[in-house]
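Reviewing the structure listed below.
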Amino acid sequence: MPNFAIFGGSEEALTKMRGGFVVDVSHPCNQALPRWVSTGLFQQIDTSRLSNWGNVIPEIIDLPGNAADGGNVWMAPFDWGQTSVTYRTDLFEVEGEESWDMLWDKRYAGKLGSLASGADAWWCGAIKAGVDFDDIASDEAFEKIAAVMREQRPLIRVYTDDTTTLEQALSSGELTAAMTWNSSAVLLQSEGIPVKFAKPKEGALTWVCGVVIHKDAPNVDRAYDVIDSLLSVQTGEFMIGEWGYGHSNIKAFDKFDEATLQGLGLSKRPFEILEAGHFQQPQTQEWETRMNETFEQIKAGF
Amino acid sequence: MTETSVQTSAAEPAAKPVSRLERLLYRSEALRGYLLMSPTLLIMTIGIIVPFLILVTMSLWTRDGFSFDATLTIANYLRVWNEPIFGALLRRSFWISGVATVATVVLCYPMAYYVAFHVHRNKMMWIILMTLPFWTSYLLRVFAWKVILGYEGVINSGLQGLGMIEEPLSFLLYSKSAVIITLAHAWAAFAILPLYVSLEKIDKSLLEAATDLGDGPVARFWRITFPLSMPGIIAASFLIFIPTTGDYITPALLGGPDGAMIGNFIQLQFGAVNNWPMGATLSIVLMLWIAAIALVFLFITRQAERRVS
């Protein structure tokens, strides 16, 4: 078994690695990739050393900032999916279509939950505020998003990076709706809890995550082994079937019929899903810091 | 001093030759003292003074993208002074740990009192029994409170079972009160022990004298026992107030949005917000505030003690 260091958010992991923490492999998402690469903390991935590379869906390799020298990449894409609203179908009465407004619904004040990390929540706020991701860095966008986040804050019972907390609260009825990733809904459904992963009319937040190798990785060979196994069909089948995440290996989807995939909000053509939602875009370090600073202040009540 | 040692060595020419170091040690009492303290001094220097200096230096830097701008400036301190969020979080932290401190001392006083005055055999066993919960990890105790106070927790399901409430009480968890309750329990051992020691030390004949002179049990307590146990109360208050103000894990797990404390914000500066100099500044500001509050508290209790005696 590999040793895992688990973080509340990838930003925390990056901070720790900048402080000298060395790992073999770590797991950022597309939105953070160019910033991660610019820290100089990672090495290029020699794709010829990965036996499963040929089956990786090309569109999700070709992400902004991912191309390195000579066909190498910085990040091997591994999983993709959505951030949306998981809600209790028996406790939450949807008015009209499913929408991000559900997490701003005053009827359920104190019974709504949210992911604590700005890397999800702020972007969802942007969708709610109607901000185009192309303009997310403007001052105007900052103000608009901050306003909706402040409006939401008194309604939120708990902000947490621990998805188990949200899942347990949804299952007990402490929360009626929460911002989650695909897996929370799939896990709760498998336990027989009446929940649904909403398809908000404004579109969900979509992302691709992957694995990168640290420049001083002590076990480079094993790092490649880990990555290759993460990209394998078996891993993919588990990711899709048990957790409801998209996988990067096209062959992993063969075991599932179109209807099952659709039910999970997945497809063999990831970009259909990713583009139908709002796909996260890389931002500058200044933006990231400003966003986190603002969001943390809002969560603290300011 | 010099003359005597010269004389002794002259009088005993056969004695072993004494090295210069030994002679120096023999002569200087201060040097012997420092030598004895050297392990502690070394640890203090490496573990406290050096990190503190790093913290002070870093608090005078500023963040610059991914790295630091090492020009010395008090910009961070000005921010702490000017932006209301920092003051509010500090006030909230002092309020929460102040209430927790008072609650802990008030709740632990009777326990310590009982063992000090009414238990005559196996006192040590009683003390150990009272500190038994503290043999488990701090984190586990915090999680245990999460289970007790939770939506489907012990209290809520108990009250529901008795038919006293219909809907679970949601204010129990994710609130300031959840943090206060947990802190008051988690730090109880730090109140019981100093309180017990100071109560145990009280000369029982003073109590008898007070009774002889006509004091009832209540008057006797307020005139003799309570003032004499003051050192224990002060020690307990400090031991709880100082570390809980900066506590981070309890509010993180149980506080919810309204229960966040300054410790959580400091952690964020070193994590997601990525502003280490600001984190350093906040740590120092917190330290200064705690020192100031402790001094005021000490001054007040001293004055009170003087008035009593």
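In this simple spin-label approximation, A:ASP134 and A:ALA5 carry label points 7 Å from Cα along the Cα→Cβ vector, and these lie 4.0 nm apart. Taken one residue at a time, the phi angles of the stretch A:186-195 give Karplus couplings (6.51, -1.76, 1.60, θ = phi - 60°) of 5, 4, 5, 4, 5, 8, x, 7, x, 10 Hz. Gly and Pro are set to x.
Can you give the % of DSSP beta bridges in the protein assembly as shown that are antiparallel, to the nearest 5? So the antiparallel bridges in the protein assembly as shown amount to around 80 percent. Each residue of the stretch A:116-123 was assigned a 3J(HN,Hα) from its phi angle through the Karplus curve 6.51 cos²θ - 1.76 cosθ + 1.60 (θ = phi - 60°); the sequence is 8, 7, x, 4, 9, 4, 5, 5 Hz, with glycine and proline shown as x. Comparing A:VAL233, A:VAL94, A:VAL131 in a Gaussian network model of chain A where C-alpha atoms under 10 Å apart are linked, the largest mean-square fluctuation is found at A:VAL94. Taking 17 Å as the cut-off, the amide N atoms of the stretch A:11-26 that come nearer than this to a point 7 Å along the Cα-to-beta-carbon line of B:PHE68 belong to A:15-21.
Annotation: extensible slack from B:ALA292 through B:PHE117 equals 59.5 nm (criterion: 0.36 nm per residue apart, minus Cα-Cα distance).
Placing dummy labels 7 Å off each Cα toward the beta-carbon, the span from A:PHE302 to B:TRP222 is 4.3 nm.
Computed from phi, the 3J(HN,Hα) profile of the stretch B:100-108 under the Karplus parametrisation 6.51, -1.76, 1.60 (θ = phi - 60°) reads 4, 5, 4, 4, 5, 5, 4, 6, 8 Hz, with x in place of Gly and Pro. For chain A, the longest principal axis of the alpha carbon atoms and the long axis of helix A:220-230 meet at an angle near 50°.
Only beta bridges with both residues in chain A are counted; by DSSP, about 75 percent of them are antiparallel. Enter the Cα centre distance for the pair the stretch B:16-95 and the stretch A:22-36, rounded to the nearest angstrom. With the stretch B:16-95 and the stretch A:22-36 each reduced to a Cα centre, they are spaced 35 Å.
To the nearest whole number, what is the average tally of beta carbon atoms from other chains within 10 Å of the beta carbons of peptide B:251-260?
Numbers: counts 0, 4, 4, 1, 1, 6, 13, 4, 0, 5.
That average works out to 4.
Dipole orientation for chain B: of the candidates B:ASN156, B:TYR196, B:VAL102, B:TYR196 has the Cα lying most toward the positive pole (charges on Cβ; Lys, Arg +1; Asp, Glu -1). Using every pair of distinct Cα positions in chain A, the Kirkwood expression returns a hydrodynamic radius of 19.8 angstrom.
Using the Cα centre of the protein assembly as shown as origin and beta-carbon charges of +1 (Lys, Arg) and -1 (Asp, Glu), tell me which of A:LEU33, A:ALA146, A:GLY192 is placed farthest towards the positive end of the dipole. Working it through, the farthest residue towards the positive pole turns out to be A:ALA146.
Close amide-amide hydrogen proximity is noted between A:HIS247 and A:TRP80, each under 5 Å apart and 5 or more residues distant or on a separate chain (H modeled in the peptide plane; Pro and chain starts excluded).
By the beta carbon rule, with partners counted only under 4.7 Å, chain A holds these lone Cys residues: A:CYS124. A simple charge model with +1 on the Cβ of Lys and Arg, -1 on the Cβ of Asp and Glu and nothing else charged puts the dipole of the stretch B:85-308 at about 480 debye relative to its Cα centre.
Highest mean packing first, where packing is the average number of other Cβ atoms within 10 Å per residue, the peptides A:243-256, A:56-69 line up as A:243-256, A:56-69.
Let me know the mean shielding of A:290-302 by other chains, meaning the per-residue number of their Cβ atoms within 10 Å of its Cβ. Walk me through the numbers before you get to the answer.
Numbers: counts 1, 2, 7, 8, 1, 3, 9, 7, 2, 4, 13, 7, 6.
Counting other chains' Cβ atoms within 10 Å and averaging over A:290-302 gives 5.
With respect to chain A, whose longest principal axis is taken over its alpha-carbon atoms, helix A:163-172 is tilted by about 40°. For the options A:LEU261, A:LEU205, A:LEU112, a Gaussian network treatment of chain A with springs between C-alpha atoms closer than 10 Å singles out A:LEU261 as fluctuating the most. For the stretch B:125-143 versus the stretch A:138-157, the inter-centroid distance based on Cα atoms is 42 Å.
Starting from one equal scatterer on each C-alpha and no solvent at all, send me the Debye-based log10 I(q)/I(0) for the protein assembly as shown at q = 0.10 Å⁻¹, two decimals. Computed log10 I(q)/I(0) values: -1.01.
The angle between the Cα long axis of helix A:285-299 and the longest principal axis of the Cα atoms of chain A comes to about 30 degrees, rounded to the nearest 10. Which shape class, rounded, prolate or oblate, goes with the stretch B:191-278 when its Cα gyration tensor gives a ≥ b ≥ c as root eigenvalues, a/c under 1.5 marks rounded, and past that a/b bigger than b/c marks prolate? Cα axes put the stretch B:191-278 in the prolate bin.
Residue separation times 0.36 nm, minus the C-alpha to C-alpha distance between B:ALA144 and B:GLU29: what's the value?
On the way: separation 115, 0.36 × 115 = 41.40 nm, distance 5.27 nm.
Extra length from B:ALA144 to B:GLU29 when fully extended: 36.1 nm.
Taking +1 at the Cβ of each Lys and Arg and -1 at the Cβ of each Asp and Glu, which of B:ILE249, B:MET230, B:ALA178 sits farthest along the dipole of the stretch B:85-308 towards its positive end, judged by Cα position relative to the Cα centre? Of B:ILE249, B:MET230, B:ALA178, it is B:MET230. For the residues A:ALA259, A:ALA198, A:ALA32, a GNM of chain A with alpha-carbon springs under 10 Å puts the largest fluctuation on A:ALA259.
Assuming a ≥ b ≥ c are the square roots of the Cα gyration tensor eigenvalues, decide whether the stretch B:85-308 counts as rounded (a/c under 1.5), prolate (otherwise, with a/b larger than b/c) or oblate. Oblate, because a/c is 1.5 or more while a/b does not exceed b/c. Inter-chain neighbour count for A:8-21: the average number of beta-carbon atoms from partner chains within 10 Å of each residue's beta-carbon is 3.
Just so you know, all these numbers are worked out from the coordinates, no wet-lab data involved. Note that the structure is a prediction, hence the values are computed from the model and not measured. As a convention, Cβ positions derive from the backbone with ideal geometry for all residues, glycine included, and neighbour counts pool all protein chains shown.
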